[in-house]
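Chemist: Quick one: the structure is below, and I'll ask about it shortly.
The values are calculated or read from the model by the stated rules, or taken from the named source; none is laboratory data. It should be emphasised that the depicted structure is a prediction, and the values quoted were computed from it without experimental measurement. Please note: Cβ atoms are built from the backbone with ideal geometry, for glycine as well, and neighbour counts cover all protein chains shown. To get the accessible areas, we keep the full protein, side chains included, count just its heavy atoms, and leave off ligands, DNA and RNA. Shrake-Rupley method; radii C 1.70, N 1.55, O 1.52, S 1.80 Å.
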Amino acid sequence: MKIILSPSKEMAFTERKNKKVKLNDITREILNEIQRLSKADLQKILKVSDKIIDEVYEYYNNFDKGDSFCALDMYNGMAFKEMHFNAEEVYDVVILSAFYGCLKPNDIVKPYRLDFNANLKVNGISLKKLWVDYYNNYFTKGETILNLASDEFSSMINRNDFDFIDFDFYEIKDGKEKRHSTISKKLRGKMANFIVKNKITRLDDLKDFNDYGFVFDKVNSNDKLYVFRRIYNERF
């Protein structure tokens, strides 16, 4: 059983490791391609502001000199802020990256900026085509994958080859169903934290999750989709 997560654009650089980063062949090809680009071309591909491109251009063009970090410590988005476990006590967590591929929480990485929406091609091949076989071969056919990643990243995995479990979080407000992107991101992190800290190995035990007032919705769930809902508006 494995948990998949999306990376985050938000990063924290407090826990420096200064260890060597091991790059697979695809990452090395992507890095070489990006380093050939001008700052203007990279900014156009990534669609970022002038301030951000200065930082990102520095990441890539001084890659060998830059600081390195543990992946779990470096990612600092909403989901990761809800995870309160040590990288060494992970429960088969996999962070899907458009630059590094499939990361374990304790893998050593360096800062970057790249996702599958970037119009970057390596030798004429899109990022999705470049990574698709790697992603699917990383997992064992038939194993259970708990999907706490965004559609952008989870869509890279062929669901027919695995026991793929999705999660949905919604709120009942004024008799209507509402889904919030911010809340969902936090709850993905909360769910990952719940699974790791409780060392869950049985799917039925996932139903015990009840953070932020969300409880298992038996009526709308099935063996491929675990739905959680709350009926009141609790502040986040």
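Chemist: Leaving out ligands, DNA and RNA, what percent of the accessible area of the chain is carbon and sulfur, probe 1.4 Å? Before the final figure, lay out each step's value.
Modeler: Working: 5390 of 12600 Å².
Reported share for carbon and sulfur atoms: 43 percent.
Chemist: Then there is this: Between GLY213, GLY175, GLY66, where does the largest GNM mean-square fluctuation fall for the chain, given springs only between Cα atoms within less than 10 Å?
Modeler: The residue with the greatest mean-square fluctuation here is GLY175.
Chemist: Among the lysines, which have Cα under 25 Å from the Cα of LYS178 when same-chain residues fewer than 8 positions away are ignored?
Modeler: Output for LYS178: LYS81, LYS186, LYS190, LYS207, LYS218, LYS224.
Chemist: Which one of ALA118, ALA149, ALA40 has the biggest mean-square fluctuation once the chain is modelled by GNM with Cα springs under 10 Å?
Modeler: Of the options given, ALA40 has the highest mean-square fluctuation.
Chemist: Lysines within cross-link reach of LYS47: Cα-Cα under 22 Å, excluding same-chain residues under 8 positions apart?
Modeler: Candidates past the 8-residue exclusion: LYS9, LYS39, LYS110, LYS121, LYS128, LYS129.
Chemist: For the chain, what is the calculated [θ] at 222 nm in deg cm²/dmol (nearest 500), taking -39500 (n - 2.57) for each run of four or more DSSP H residues and dividing by its residue count?
Modeler: Details: 8 runs with 72 residues, N = 236.
Mean residue ellipticity, 222 nm, calculated: -8500 deg cm²/dmol.
Chemist: Shifting gears a bit: Once fully extended, how much extra length lies between GLU152 and LYS173, figured as 0.36 nm per residue of separation less the alpha-carbon to alpha-carbon distance? Show your work: numbers first, answer last.
Modeler: Details: separation 21, 0.36 × 21 = 7.56 nm, distance 2.80 nm.
Taking 0.36 nm per residue and subtracting the Cα distance, the gain is 4.8 nm.
Chemist: Multiply the residue separation of LYS129 and ASP67 by 0.36 nm, subtract the distance between their alpha-carbon atoms, and state the gained length in nm to one decimal. Can you show the working numbers first?
Modeler: On the way: separation 62, 0.36 × 62 = 22.32 nm, distance 2.96 nm.
Stretched out fully, the LYS129 to ASP67 stretch lengthens by 19.4 nm.
Chemist: Quick one, which of [x] 13.8; [y] 18.9; [z] 13.0 is the actual mean projected area of the Cα convex hull in nm² calculated for this model?
Modeler: Comparing each candidate, only [x] matches the computed number.
Chemist: What list of whole percents do you get for P(r) of region 79-184, with Cα-Cα distances grouped in 10 Å bins up to the one holding the largest distance?
Modeler: The distribution over region 79-184 is 11, 37, 35, 13, 3, 0, given as percents.
Chemist: Roll a 1.4 Å probe over the protein chains and send me the accessible area per residue for the chain in Å².
Modeler: Values: 12600 Å² over 236 residues.
Dividing the accessible area of the chain by its residue count gives 53 Å².
Chemist: When the Cα centres of region 120-151 and region 162-236 are compared, how far apart do they sit, in Å?
Modeler: With region 120-151 and region 162-236 each reduced to a Cα centre, they are spaced 25 Å.
Chemist: Here is a follow-up. If you take the beta carbon distance between PHE116 and GLU15 as r and set R0 to 35 Å, what does 1/(1 + (r/R0)^6) give as a FRET efficiency, to the nearest 0.05?
Modeler: 0.80
Chemist: May I ask you to list the GluC sites (Glu not before Pro) in region 1-80 that are in a DSSP loop and have at most 12 other Cβ atoms within 10 Å of their Cβ? Show your work: numbers first, answer last.
Modeler: Details: sites: GLU10, GLU15, GLU29, GLU33, GLU55, GLU58; in loops: GLU10, GLU15.
Those that pass, being in a loop and sparsely packed, are GLU10, GLU15.
Chemist: Another one. Between LYS218 and ILE108, what is the spin-label point distance in nm, taking each point 7 Å from the Cα along the Cα→C-beta axis?
Modeler: 5.0 nm
Chemist: Where the centre of each part is set by its Cα atoms, how far does region 1-65 sit from region 85-101, in angstrom?
Modeler: 17 Å
Chemist: Multiply the residue separation of LYS44 and THR182 by 0.36 nm, subtract the distance between their alpha-carbon atoms, and state the gained length in nm to one decimal.
Modeler: On the way: separation 138, 0.36 × 138 = 49.68 nm, distance 2.69 nm.
Contour length minus Cα-Cα distance gives 47.0 nm.
Chemist: Please compute the modelled spin-label separation between ASN137 and LYS51, points set 7 Å along Cα→Cβ, answer in nm with one decimal.
Modeler: The modelled label-to-label distance comes out at 4.2 nm.
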